[in-house]
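Written out below as structure tokens is the structure these notes cover.
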Amino acid sequence: MNATSIKGKTVVITGAASGIGRALALGFLADGAAVVGCDLSRDGLEDIRRKGAATVECDVTSHKDWQDLMDFTMGLTGRIDVLFNNAGIDVRGTIEQVDARKFEQCIRVHLLSGFHGLNVALPHMRSQGYGRVVNMLSRGMES
């Protein structure tokens, strides 16, 4: 997509409070898109909100949070043109070093969030006759 094609489109970005998600949000805003950024980090979301993004605190592993995010987005702009599933965490170490709960959370974030996002966004994209989805996974270290 070039800058002229994204102008006026609605882009939803998960993991928008930092890193690649924040950079995506700022880039899409600069290109004229309406950006809805979601993350668990209220402080990080505040930064992109001040720069023009609409923001929602959202646990991407929760189907209800995804429904609330989509309801918010549809109420704001009436459409979703791009869903950027960017939220991700990573757990590194040998199998003996990795905490089982952190590993399970990693699976929930990377697998369930993609399902939930597609589940709630695709019906809107289909009804409007347009939509794009980008799914990413994190390789960063979890702190």
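Where a number appears in this text, it was derived from the coordinates with a stated rule and is not lab data. These figures come from a predicted structure and were not determined experimentally. Positions of Cβ are generated from backbone atoms using ideal geometry, with glycine treated the same way; all protein chains shown enter the neighbour counts.
The order of 48, 89, going from fewest to most other C-beta atoms within 10 Å of their C-beta, is 89, 48. The trypsin sites (Lys or Arg not before Pro) of the stretch 38-143 that meet both conditions, a loop assignment by DSSP and at most 12 other Cβ atoms within 10 Å of the site Cβ, are 92, 139.
Using C-alpha pairs below 8 Å separated by at least 6 residues, the relative contact order for the stretch 3-135 is 25 percent.
Checking [x] 14.1; [y] 8.3; [z] 10.1 against the coordinates, the calculated mean projected area of the Cα convex hull in nm² falls under label [y]. Cβ-to-Cβ counts within 10 Å put 70, 136 in ascending order as 136, 70, the fewest first. Under a 5 Å amide H cut-off, with hydrogens placed 1.01 Å from N, residue 133 pairs with 83 among residues at least 5 apart or on other chains. Neighbour counts of C-beta atoms inside 10 Å place 11, 98 in the sequence 98, 11, starting with the fewest.
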